[in-house]
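Here the structure comes first, spelled out in structure tokens, and everything after it is commentary.
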Amino acid sequence: MSSAIDLHSHSTISDGLLTPSELVGRAAAQGVNVLALTDHDDVAGLDEARAAAEAAGITLINGVEISVTWNNRSVHLVGLRIDPAYGPLREGLAAIRAGRGERAKLMAAELDKVGITGSLEGAYAFAANPGIISRTHFARFLVEKGVAKDNRTVFKKYLVKGKPGYVTHRWADLADAVGWILGSGGIAVLAHPGRYDLGRTNLHNLISDFKEAGGTAIEVVTGSHTADQFALFAQYASEFDLLTSCGSDFHGKGESYMDLGRLPGLPSGCQPVWLDWPEVMNRPESKAGFAQLASLNVEGRG
Ligand code: AMP
Ligand code: MN
Ligand code: MN
Ligand code: MN
């Protein structure tokens, strides 16, 4: 039994390796029934993904992953069931994308200083959508140059705080980003909270600020979380009365913690985000207790 619901994934519209159609095709082939496409700071892949999902008989959830700065730290929010046509959301995302372009120039200048030239053009050559230039595209360029064997290794020696190619950057405000998501009719999910390397106090403050801003759910099960973190964030969700979400954060084979369709389900006791989503609950699988099935994947996997 593989996981049927995956609410976090990327395509070539941001820093994934597959086009929206290819991503949906792979998801369907791997047994995913419900997929959210959540590209960083852009919703331009949703139309293509929706058409592919209809053809493949799976359900596509409109999503986005918004880059946010909270207390001088980068955190990510996943917006689910958003309306991609909502003006304030579109404008907010456009501003973040413009900031990415500016940051990329500064990153390239930093890499120049350590003798790695041509990285701006080099990174853009890996960006199918030039509107979104990310550290991942720089990482692919650095791998191509031979400075590291893979992206994972690049992010140990470059592009992170204190290493060549890193620049501090101001993303969207937490409350603004939550507001765009809620205003568009969506729900706001705190993405991969285990990735932020925060101590207990900061983590508590982040979740508390997120909740206060109108945040709806917390990503409990995701590719970069350990089993201990599934349990930890399930506990936080219950403490803060937040719903729970799960998503692989798939970017492409070889660049992801977890492939599509391999996601463990939510721990028991979690309230999944989708229990009042008709497009999920009315799927044929629901007749066999789909919601139950999906939330039993951890304990009930055969
Ligand atoms: P950006 O939003 O441009 O700062 O880039 C962040 C992206 O870089 C994330 O969404 C990941 O896809 C990727 N990334 C960050 N850290 C790592 C890492 N340690 N290994 C591989 N990819 C990473
Ligand atoms: Mn990414
Ligand atoms: Mn993220
Ligand atoms: Mn992501």
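The values are calculated or read from the model by the stated rules, or taken from the named source; none is laboratory data. Predicted model, so just to flag it, every value in this text is computed and none were measured. Because the Cβ atoms are built from the backbone with ideal geometry, glycine has one as well, and the counts that use them run over all protein chains shown. All accessible areas refer to the heavy atoms of the entire protein, side chains included, with ligands and DNA or RNA removed. Shrake-Rupley method; radii C 1.70, N 1.55, O 1.52, S 1.80 Å.
If you go through the range 161-200 and keep only what is open to solvent by 20 Å² or more (accessible area, probe 1.4 Å), on the phi > 0 side of the Ramachandran plot and within 16 Å of ligand 2 (Cβ to nearest atom), you end up with nothing. With respect to Leu23, determine if the residue is part of a helix (DSSP H, G or I), buried (at least 19 other Cβ atoms within 10 Å of the Cβ), assigned by TED's automatic domain parsing to the domain that holds Leu263 and within 16 Å of ligand 2 (Cβ to nearest atom). Spelling it out, Leu23 is indeed part of a helix (DSSP H, G or I), buried (at least 19 other Cβ atoms within 10 Å of the Cβ), assigned by TED's automatic domain parsing to the domain that holds Leu263 and within 16 Å of ligand 2 (Cβ to nearest atom). Every condition in (1) among the small types (Gly, Ala, Ser); (2) buried (at least 18 other Cβ atoms within 10 Å of the Cβ); (3) more than 21 Å from Phe250 (Cα to Cα) holds for Gly79 except the one numbered (3). The single condition among (1) modelled with pLDDT of 95 or more; (2) away from ligand 1 (no atom under 16 Å from the Cβ); (3) open to solvent by 20 Å² or more (accessible area, probe 1.4 Å) that Tyr236 does not satisfy is (3).
Each row is one residue, and each column tells you yes or no for (1) loosely packed, with under 13 Cβ neighbours inside 10 Å; (2) within 15 Å of ligand 4 (Cβ to nearest atom).
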residue: Arg50; (1), (2): no, no
residue: Val68; (1), (2): no, yes
residue: Leu93; (1), (2): no, yes
residue: Lys113; (1), (2): yes, no
residue: Gly122; (1), (2): no, no
residue: Phe126; (1), (2): no, no
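Just to be sure, is Val178 among the hydrophobic types (A, V, I, L, M, F, W, C) and within 16 Å of ligand 4 (Cβ to nearest atom)? No. Residue-level check: of (1) of a type in the set (A, V, I, L, M); (2) farther than 26 Å from Arg195 by Cβ; (3) open to solvent by 20 Å² or more (accessible area, probe 1.4 Å), Leu106 misses just (2). Taking the criterion of being of a type in the set (Asp, Glu) and within 17 Å of the chain's Cα centre (by Cα), would at least one residue in the range 203-216 satisfy it? So far as the range 203-216 goes, no, none of its residues is of a type in the set (Asp, Glu) and within 17 Å of the chain's Cα centre (by Cα).
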